[in-house]
Amino acid sequence: MRRLILQEFVTIDNFAADLNGGMDFQEKYSAKKDESFIKDAEAFLDTVDAMLVGATTYHFFSEYLPESKEQADSFTDKIGSLSKYVVSTRLKEAPWGAWEPAAIIKDNVFKEITKLKEQHGKDIVIWGSMTLAHLLMKEGLIDEVQLRVIPTTLGNGKPV
């Protein structure tokens with residue numbers, strides 16, 4: 001059985017997003033190209049073959065996807081190559097740049113996620129998507145929580 005791993009990127013003062021839900025702190029840190037952080041993130045990606053996100057996090061990803069695979073770095077290509085699932089009652093489709101689109105889970109969310117966990121394969125990661133993550137925690141569907149600390153502070157924002 002596959003595990004569902006919640007991996008949240010947080011600031012030193014334990015915020016996963018600013019007050020508006022933005023993650024500029026993560027983008028700024030990513031721009032620094034911290035090699036050890038990138039290697040660790042890529043090693044983690046080798047342990048998963050699927051990702052699960054809510055609609056808000058999906059939109060975050062879709063804004064930053066390159067138009068072609070040739071424009072992607074190895075990290076972006078690994079993310080694009082995962083099986084992707086978006087939990088949303090409003091989305092009709094979820095294109096993923098140059099990669100296969102994400103499947104949309106609209107109904108019977110807990111049942112569908114349980115089915116995903118029962119499939120053969122590597123683990124499943126859920127990034128961001130705090131509302132969805134909290135619901136899945138209450139249902140006992142999250143098997144592990146990993147907090148990845150970005151060395152910065154926000155002072156206020158949305159805690160995990």
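The values are calculated or read from the model by the stated rules, or taken from the named source; none is laboratory data. These numbers come from a predicted model, not from an experiment. Using ideal geometry, Cβ is built from the backbone for each residue, glycine included, and neighbour counts are taken over all protein chains shown. When the accessible area is computed, the model is the full protein with side chains, heavy atoms only, and any ligands, DNA or RNA have been set aside. Shrake-Rupley method; radii C 1.70, N 1.55, O 1.52, S 1.80 Å.
Counting only residues that are free of Cβ contacts under 8 Å to residues at least 12 places away in the same chain and open to solvent by 50 Å² or more (accessible area, probe 1.4 Å), which one in segment 9-33 is farthest from residue 76 (Cα to Cα)?
20
Please go through segment 60-91 and give me each residue that is touching an Asp or Glu at 6+ places or on another chain (Cβ under 7 Å) and buried (at least 18 other Cβ atoms within 10 Å of the Cβ), ordered by number.
Across segment 60-91, the qualifying residue is only 82.
Return the residues of segment 76-92 that are under 26 Å from residue 43 (Cβ atoms) and within 13 Å of the chain's Cα centre (by Cα); say none if nothing qualifies.
Answer for segment 76-92, where residues must be under 26 Å from residue 43 (Cβ atoms) and within 13 Å of the chain's Cα centre (by Cα): 76, 78, 79, 80, 82, 83, 84, 85, 86.
For segment 96-139: of the residues being part of a helix (DSSP H, G or I) and of a type in the set (D, E, K, R), which is most open to solvent (accessible area, probe 1.4 Å)?
Looking at residues that are part of a helix (DSSP H, G or I) and of a type in the set (D, E, K, R), I get 138.
Looking only at residues that are at pLDDT 85 or above and among the acidic types (Asp, Glu) in segment 1-59, which one is farthest from residue 123 (Cα to Cα)?
The selected residue is 13.
Would segment 42-54 turn up any residue that is farther than 19 Å from residue 4 by Cβ, loosely packed, with under 14 Cβ neighbours inside 10 Å, free of Cβ contacts under 8 Å to residues at least 60 places away in the same chain and not small (Gly, Ala, Ser)?
Checked segment 42-54: at least one residue is farther than 19 Å from residue 4 by Cβ, loosely packed, with under 14 Cβ neighbours inside 10 Å, free of Cβ contacts under 8 Å to residues at least 60 places away in the same chain and not small (Gly, Ala, Ser).
Looking only at segment 140-160, filter to residues that are part of a strand (DSSP E or B) and of a type in the set (A, V, I, L, M); which one of those is farthest from residue 124 (Cα to Cα)?
Checking each candidate, the answer is 150.
Check whether at least one residue in segment 137-146 is out of contact with any Gly (no Cβ under 9 Å at 6 or more places or on another chain) and among the polar types (S, T, N, Q), and report yes or no.
yes
Would you be able to tell me the number of residues in segment 142-160 that are open to solvent by less than 60 Å² (accessible area, probe 1.4 Å) and touching a Lys or Arg at 6+ places or on another chain (Cβ under 7 Å)?
Counting residues in segment 142-160 that are open to solvent by less than 60 Å² (accessible area, probe 1.4 Å) and touching a Lys or Arg at 6+ places or on another chain (Cβ under 7 Å) gives 1.
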